[in-house]
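Structure, as structure tokens:
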Amino acid sequence: MQKLGEHIKKQFPIFSRRINGHPLVYLDNASTSQKPRAVIDALSTYYKTMNANIHRGIHTLSEEATDRYEQTRTRVARFLNAASPTEIIFTRGCTESINLVAATWAAAAIRRDDKIIVSALEHHANLVPWQELARKKRARLDIIPLTAELTLDEKRFHTLLSRKTKLVCLTSQSNVLGTVPPLRRMIKAAHTVGARVLVDAAQSVGHSRTNVHALDCDFLAFSSHKMLGPTGVGVLYAKKEILEMMPPYQYGGDMVESVAQRRSTYRPAPWKFEAGTPNIADVIAFASAIDFLEAIGFDAIQQHDADLLSYARSVFANYHRVQLFVPEGESSSVLSFTVEGVHPHDVATVFDVQAIAIRSGLHCAEPLVRLLGVEATARMSFYLYNTRSDIDRAARALEKVFKVFSLTLPRSGIQPLA
Amino acid sequence: MDLYSETILDHYRYPRHRGSLLRPSARVVQHNPLCGDVIKLDIAVRDSKVVDTRFLGAGCAISQAATSLLLDSIQGKNIRSLERLTRQNVIDLLGISVSKAREQCAQLGLTALQKAITMLKQKRKR
Ligand SMILES: Cc1ncc(COP(=O)(O)O)c(C=O)c1O
């Protein structure tokens, strides 16, 4: 534990920042993580020493940039335990990765009266593209409901599955509740009816080891920016046999093999999915983020997350005006909560005055927040640089919320911080 | 904690003009997609004057207090004068400066009111 938390904060320049006169406490990691100096340096080193377009120059710089870009692809493949780097497509982010599948494979494979299944836990990024596709194709969209314990109703999932099911879309960790669905079991079940499975790994990929081979998922999508990497880079993993059948995504330079005036042929996967100049600098810097995470190791990260979550639960559970939304026994890195009589936005504003960054609102998961029966929630989400003392500061900010809003609270009797 | 002034907390705790009208001249339901705040605003107009106005809403202290203050300020006013209301007027009513992120909360009531006025104008044209 000594490796993470306070010690590692020094490697993240942003923590020298003060907000409203206080040192920053950053508890909005499910939105995006902060960046270590190694990643920031990789970005500026690229621009200072190597900047060139890739796949289209024989000069030294272009060759170096191309090598580093393709090395990152190999690095990502190894990180995910993919069979080959050619199973890795770079996109703009998790959202684009999912939309790419919707626009190519799913647009071709899904027909009228077919079924797409999504879970009630999904972020809008893994829900809205499927709503649209289902509408266009006149296919059916089924939702796996939640249990009272805030986990997925697996029984219901099994009854939803049928030969008509072509695609199942599942998050690997809810960005609101932290719920981790039993992916391996669910993927196996989906495959028995011949359905493909897309995993939205945005929330888990920076916190626990991702092994696409062991999962046996068909597609897996995530963003670099939630795992210490730069914004503007996403990954789509897809099984080789599927990629080869998929039509291209966008058309233009780089993705073509040969172009005649009226007809063109396309490069093989993954390059046929990467039209135009990609986000070279950020992709290259993303490799440094993966190196950073792997040097620490996911065992240590998960242990750290678990410690922070259980500490935050125990501290926040002391306040009887606070309701926590988290499955019992789940070890994730997010904790949604509400304060009786105070809107989550007002909670977040009071926290911000104390330089504590949390998220409030619907978290791009409006149907899920509605299921919880609240207007919105406040959410703390943790990462490797957070400490128990960050949570103590959050608890003090929470007491400030009670103080500011005590007028509007129906009962008094705030319990002081233990 | 300047943002949550006595005035704002008072209007949040005891919103003025809470409720709905049986026969409003115009009714608008306005959402803030960012946070799910919602306001239902009813307005009754006679001889171009605001004779009554009510709102029901769920949301943060800023959106609810701003709406309460705004409706308080327009009683008996000629609706033509309401067309000139600006976002700055709402900020002045609140008596605080709000951050960019909270500006949308503060302006929810004004947005609803502006829509209601547009509806009233269209009605009159018909
Ligand atoms: C579970 C989940 N899926 C998808 C996304 C979308 O990621 P991005 O906005 O980077 O495309 C997010 C991030 O907000 C997320 O939490």
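The values are calculated or read from the model by the stated rules, or taken from the named source; none is laboratory data. These numbers were taken from a predicted model, which means no experiment stands behind them. Cβ placement follows ideal geometry from the backbone for every residue including glycine, while neighbour counts extend to all protein chains displayed. Remember, those area values only see protein heavy atoms, side chains included, never the ligands or the DNA or RNA. Shrake-Rupley method; radii C 1.70, N 1.55, O 1.52, S 1.80 Å.
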TODO: State which residue pairs qualify: first residue within 14 Å of another protein chain (Cβ to nearest Cβ) and under 13 Å from residue A:76 (Cβ atoms) and inside the stretch A:232-248, second residue more than 15 Å from the ligand (Cβ to nearest atom) and open to solvent by 20 Å² or more (accessible area, probe 1.4 Å) in any location, beta carbons under 8 Å apart, and separation of 6 or more residues or different chains.
DONE: none
Task: Test: residue in the stretch A:227-238 that is under 21 Å from residue A:363 (Cβ atoms), within 10 Å of the ligand (Cβ to nearest atom) and open to solvent by less than 10 Å² (accessible area, probe 1.4 Å) - done: yes
Task: Leading residue by the ranking (farthest from the other protein chains (Cβ to nearest Cβ)) among those in the stretch A:301-344 that are without any contact (Cβ under 8 Å) to a residue 40 or more places away in the chain and open to solvent by less than 20 Å² (accessible area, probe 1.4 Å) - done: A:344
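Residues of the stretch A:354-368 being of a type outside the set (A, V, I, L, M), touching a helix residue (DSSP H, G or I) at 6+ places or on another chain (Cβ under 6 Å) and within 17 Å of residue A:394 (Cβ to Cβ), which ones? Before the answer, list the steps.
First, pick out the residues of the stretch A:354-368 that are of a type outside the set (A, V, I, L, M): A:354, A:359-361, A:363-364, A:366-367.
Now drop any that are not touching a helix residue (DSSP H, G or I) at 6+ places or on another chain (Cβ under 6 Å), which leaves A:354, A:360, A:364.
If the condition is that a residue be of a type outside the set (A, V, I, L, M), touching a helix residue (DSSP H, G or I) at 6+ places or on another chain (Cβ under 6 Å) and within 17 Å of residue A:394 (Cβ to Cβ), then A:354, A:360 are the ones that fit.
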Task: Odd one out for residue A:82 among (1) away from the ligand (no atom under 16 Å from the Cβ); (2) assigned to a helix (DSSP H, G or I) - done: (2)
Task: Matching residues, the stretch B:15-34, being over 19 Å from residue B:50 (Cβ atoms) and either at the interface with another protein chain (Cβ under 8 Å from one of its Cβ atoms) or touching a Ser or Thr at 6+ places or on another chain (Cβ under 8 Å) (or both) - done: B:32, B:34
- [ ] Among the residues of the stretch A:354-409, count how many are at pLDDT 95 or above and open to solvent by 50 Å² or more (accessible area, probe 1.4 Å).
- [x] 5
Task: Meets criteria (away from chain A (no Cβ under 14 Å), free of Cβ contacts under 8 Å to residues at least 24 places away in the same chain and closer than 16 Å to residue B:116 by Cα) for residue B:54 - done: no
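Do we find that residue A:360 is away from the ligand (no atom under 16 Å from the Cβ) and free of Cβ contacts under 8 Å to residues at least 24 places away in the same chain in this structure? Give the derivation first.
Values: away from the ligand (no atom under 16 Å from the Cβ): no; free of Cβ contacts under 8 Å to residues at least 24 places away in the same chain: yes.
Criteria not met by residue A:360.
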Task: Residues within the stretch B:4-14 that are out of contact with any Leu (no Cβ under 9 Å at 6 or more places or on another chain) and open to solvent by less than 50 Å² (accessible area, probe 1.4 Å), tallied - done: 1
Task: Subset of the stretch A:166-175 that is within 11 Å of the ligand (Cβ to nearest atom) and farther than 13 Å from residue A:127 by Cβ - its residue that is nearest to the other protein chains (Cβ to nearest Cβ) - done: A:173
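Is it the case that the stretch B:85-95 has a residue that's part of a loop (DSSP other than H, G, I, E, B), within 23 Å of residue A:349 (Cβ to Cβ) and within 13 Å of chain A (Cβ to nearest Cβ)? Steps first, answer last, please.
Of all residues in the stretch B:85-95, those part of a loop (DSSP other than H, G, I, E, B) come to B:85-86, B:95.
The next check asks that each one be within 23 Å of residue A:349 (Cβ to Cβ); those that pass are B:95.
If we keep only those that are within 13 Å of chain A (Cβ to nearest Cβ) as well, we get none.
No, because not a single residue in the stretch B:85-95 is part of a loop (DSSP other than H, G, I, E, B), within 23 Å of residue A:349 (Cβ to Cβ) and within 13 Å of chain A (Cβ to nearest Cβ).
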TODO: Return yes when residue A:351 is under 30 Å from residue A:3 (Cβ atoms), within 14 Å of chain B (Cβ to nearest Cβ) and in a helix (DSSP H, G or I) and no when it is not.
DONE: yes
Open item on the list: I'm trying to understand the selection: among the residues of the stretch A:205-221, which are free of Cβ contacts under 8 Å to residues at least 40 places away in the same chain, open to solvent by 10 Å² or more (accessible area, probe 1.4 Å) and on the phi < 0 side of the Ramachandran plot?
Closed with: A:215
Task: Close pairs from the stretch A:1-21: first among the polar types (S, T, N, Q), partner not in a loop (DSSP other than H, G, I, E, B), Cβ under 9 Å, at least 6 apart - done: A:11/A:37; A:11/A:38; A:11/A:292; A:16/A:23; A:20/A:352; A:20/A:353
- [ ] Answer yes if at least one residue in the stretch A:87-102 is more than 16 Å from the ligand (Cβ to nearest atom) and either farther than 27 Å from residue A:296 by Cα or open to solvent by 50 Å² or more (accessible area, probe 1.4 Å) (or both), and no otherwise.
- [x] no
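When you scan the stretch B:115-126, how many residues do you find that are outside any loop (DSSP other than H, G, I, E, B) and open to solvent by 80 Å² or more (accessible area, probe 1.4 Å)?
Initially, the stretch B:115-126 is screened for residues outside any loop (DSSP other than H, G, I, E, B), giving B:115-125.
The next check asks that each one be open to solvent by 80 Å² or more (accessible area, probe 1.4 Å); those that pass are B:115, B:121-125.
Residues in the stretch B:115-126 being outside any loop (DSSP other than H, G, I, E, B) and open to solvent by 80 Å² or more (accessible area, probe 1.4 Å): 6 in total.
Could you say which residue among B:51, B:29, B:98, B:38 is surrounded by fewer than 20 Cβ atoms within 10 Å (Cβ to Cβ) and touching a His at 6+ places or on another chain (Cβ under 8 Å)?
Details: B:51 fails: touching a His at 6+ places or on another chain (Cβ under 8 Å); B:29 fails: touching a His at 6+ places or on another chain (Cβ under 8 Å); B:98 fails: touching a His at 6+ places or on another chain (Cβ under 8 Å).
On inspection, the qualifying residue turns out to be B:38.
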